[in-house]
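See structure below.
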Amino acid sequence: MHLSTWAADKYDTINFHVLIDGGKKDFGDFHYYKQIEITDVSPLLGPNEGHGAVYFVGRYFRTDFPNSRLGCRIGNNIG
């Protein structure tokens, strides 16, 4: 769920579960947050050997919930 009119700090929560053969498997709460917007990434090029920093510029980044750390993968390298 993504609503472009939501405030950056707004979220909604629902209970997430699956029904299988009449049995209910509860996975707990699922949270909807405003989608991040990336407006720039730098540098666009780097050395073949890597070991450089990649910077993301944008808005609606959050750090106040589990798994909110931003990362990226370039080739087989995860940063």
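Read-outs: derived from the displayed coordinates by stated rules, not from any lab. Since the model is a prediction, treat every value here as computed from it, not as a measurement. With ideal geometry, Cβ positions are generated from the backbone for all residues, glycine too; neighbour counts draw on all protein chains shown.
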- [ ] Could you check how many residues of segment 20-51 are under 24 Å from G75 (Cα atoms) and either basic (K, R) or surrounded by 12 or more Cβ atoms within 10 Å (Cβ to Cβ) (or both)?
- [x] 5
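Yes or no, residue by residue, for (1) of a type in the set (A, V, I, L, M); (2) touching a residue at least 60 places away in the same chain (Cβ under 8 Å); (3) in a loop (DSSP other than H, G, I, E, B):
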{"residue": "D40", "(1), (2), (3)": "no, no, no"}
{"residue": "P47", "(1), (2), (3)": "no, no, yes"}
{"residue": "V57", "(1), (2), (3)": "yes, no, no"}
{"residue": "T63", "(1), (2), (3)": "no, no, yes"}
- [ ] State the number of residues belonging to segment 65-79 that are assigned to a loop (DSSP other than H, G, I, E, B) and either surrounded by 10 or more Cβ atoms within 10 Å (Cβ to Cβ) or basic (K, R) (or both).
- [x] 5
